[in-house]
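Here is the structure we will look at, set down as structure tokens.
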Amino acid sequence: MNYSRIIGTGSYLPDKVLTNQDLEKMVDTTDQWIRERTGINKRHIAAENETTCDLAEHASRKAMEAAGKSPADIDLIVLATTTPDQVFPSTACLLQSRLDIHGSPAFDVQAVCTGFIYAMGVADNFIRAGSAKCALVVGAETFSRIINWKDRDTCVLFGDGAGAVVLEASDEPGILSTHLHADGDYASLLQVPDGVSRGYEKVRDNAAFVEMRGNEVFKMAVNTLGRIVDETLEKNGLEKADIDWLIPHQANIRIINATARKLGMSMDHVVVTVHDHGNTSAASVPLAFDVAVREGRIKRGETLLMEAFGGGFTWGSVLVKY
Ligand code: ACO
């Protein structure tokens, strides 16, 4: 059992929808500007009493059902989030209890928009090492809680959601390779500059919000995602033409287009859902993946490249024989 295979997917978006037209009434922006610069039409926002764990639970139940697995089968939970329900326990532990899973390791991974890619890397290594046989891997966010809804530079970009996959040990691939990177020197370009240890009140009033130097993040994202594509192909001795599907982080259609161009891929083979939910951070890749799987676009045996870039900076990829 040298590999982990994806055997089920699930996703969830909260009911409440915030359209570009709604945002026109909140900040100085237009539907046209948002669509042209980002490709986003709407985003989903968690209800007041709805938390990251609620979203994660919906997505996880769907993934477990698709995989045909019961709670007793799951022996590892890795949950990627930047917006946990509580300081502790981890959202993974809260989810574990909701799903009636007991005793398995359960922990959160924090790598912002690259979180799901990191979580997949961790779970894949657990399975390859023989430390787990059936892992639930989740990306879930309520990013709306850390958005300044008066800041047009950021509030048009983000939304809430969750996605999940079940991984199982297998003799056949499976996940072919995972590639994880970070460079903390870029923290100031994309951050929430406040937190528990700094003391929320001490730094600045109302500082627990996303701050971003959008233009610089954009350029770094395009260049870095190009490099991670090269690194992934080279490691596996593959050509660009060997990739059947690109499943990119859903942040901005222009970043997605640039990565597809780099791969020489027609947009027919790129999964794009950013128009429906904006940037859902760690939830974005598994959300897009689940949509394409359920629509029957992605088929068993195809080669998939998942990639993401986010705060940290963090970036990474997962190459999958589906
Ligand atoms: N509505 C209308 N005008 C706006 C808005 C808005 N919501 N936001 C900014 N503008 C204005 C700016 O003030 C600026 O005006 P000026 O020319 O008078 O100064 C003008 O639009 C152009 O601003 P730019 O920042 O140059 O616009 P750009 O084309 O770079 O698009 C954007 C901005 C969409 C934020 C882009 O830089 C981007 O997507 N960056 C990546 C950000 C991202 O995705 N971050 C998420 C985490 S990292 C990741 O997931 C990849």
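From the square roots a ≥ b ≥ c of the eigenvalues of the alpha-carbon gyration tensor of segment 236-289, which class results: rounded (a/c under 1.5), prolate (a/b over b/c), or oblate? Walk me through the numbers before you get to the answer.
On the way: a/c = 2.31, a/b = 1.75, b/c = 1.32.
Cα axes put segment 236-289 in the prolate bin.
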_Can you compute the modelled spin-label distance between F107 and E211, with each label point 7 Å from Cα toward Cβ, in nm?_
3.0 nm
*Calculate, axis by axis, the spread of Cα positions in segment 68-210 along the three principal axes, and write the results as whole Å, longest axis first.*
52, 31, 27
*Starting from the Cα gyration tensor of the chain, multiply each eigenvalue by 5, take the square root, and state the resulting semi-axes largest first in whole Å.*
28, 24, 18
*With the contact rule set at Cα under 8 Å and sequence spacing of 6 or more, what percent relative contact order holds for the chain?*
26 percent
_From the mean inverse distance of alpha carbon pairs (Kirkwood) and the Cα radius of gyration, derive Rg over Rh for segment 210-322._
0.94
*asked:* Once the cut-off is 18 Å, how many percent of the Cα-Cα pairs in segment 37-103 end up in the long-distance tail?
replied: 44 percent
*Read phi for every residue in segment 306-311 and hand back ³J(HN,Hα) as whole Hz from Karplus 6.51 cos²θ - 1.76 cosθ + 1.60, θ = phi - 60°, with x for Gly and Pro.*
9, 8, 7, 9, x, x
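Loop-only trypsin sites (Lys or Arg not before Pro) in segment 1-71, please: DSSP not H, G, I, E or B, and at most 14 other Cβ atoms within 10 Å.
K25
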*Filter the trypsin sites (Lys or Arg not before Pro) in segment 138-219 down to the DSSP loop ones having no more than 16 other Cβ atoms within 10 Å, then list what survives.*
K150, R198, R204, R213
*Quick one: among A260, A308, A123, which has the greatest mean-square fluctuation in a GNM of the chain with alpha-carbon springs under 10 angstrom?*
A260
_Between A92, A208, A63, where does the largest GNM mean-square fluctuation fall for the chain, given springs only between Cα atoms within less than 10 Å?_
A208
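Determine the dipole magnitude for the chain: charges of +1 sit on the beta-carbon of Lys and Arg, -1 on that of Asp and Glu, nothing else is charged, the reference point is the Cα centre, and the result goes in debye to the nearest 20.
340 debye
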*asked:* Let me see the P(r) profile for segment 171-270: every Cα-Cα distance counted, bins of 5 Å, each bin given as a percent of all pairs.
replied: 2, 10, 17, 18, 16, 11, 10, 7, 5, 3, 1
*Distance between modelled label sites at N257 and D73, nm, 7 Å Cα→Cβ extension*: 4.2 nm
*Rg [Å, one decimal], Dmax [Å, integer] - segment 1-115, C-alpha atoms*: 17.4, 55
_In segment 1-94, the GluC sites (Glu not before Pro) that fall in loop regions by DSSP, at most 14 other Cβ within 10 Å_ = E48
*Roughly what % of DSSP beta bridges within the chain run antiparallel, to the nearest 5?*
70 percent
*asked:* Quick check: pseudo-label points 7 Å beyond the Cα along Cα→Cβ at K16 and E231, how many nm apart are they?
replied: 3.8 nm
_Compactness index (Cα Rg / 2.2 N^0.38 Å), segment 82-165_ = 1.24
*Residue-by-residue Karplus 3J(HN,Hα) for segment 71-87, coefficients 6.51, -1.76, 1.60, Hz, glycine and proline x*: x, 5, 7, 7, 10, 6, 10, 10, 10, 9, 7, 10, 10, x, 4, 9, 4
_Going by Cα centres, segment 171-186 and segment 248-262 are how many Å apart?_
19 Å
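Readers should treat all values here as calculations from the given coordinates under stated rules, not as data from a laboratory. A quick note: this is a predicted structure, and the numbers were derived from the prediction, not measured. When we count neighbours, we look across all protein chains shown, and the Cβ atoms used for this are built from the backbone with ideal geometry, even at glycine.
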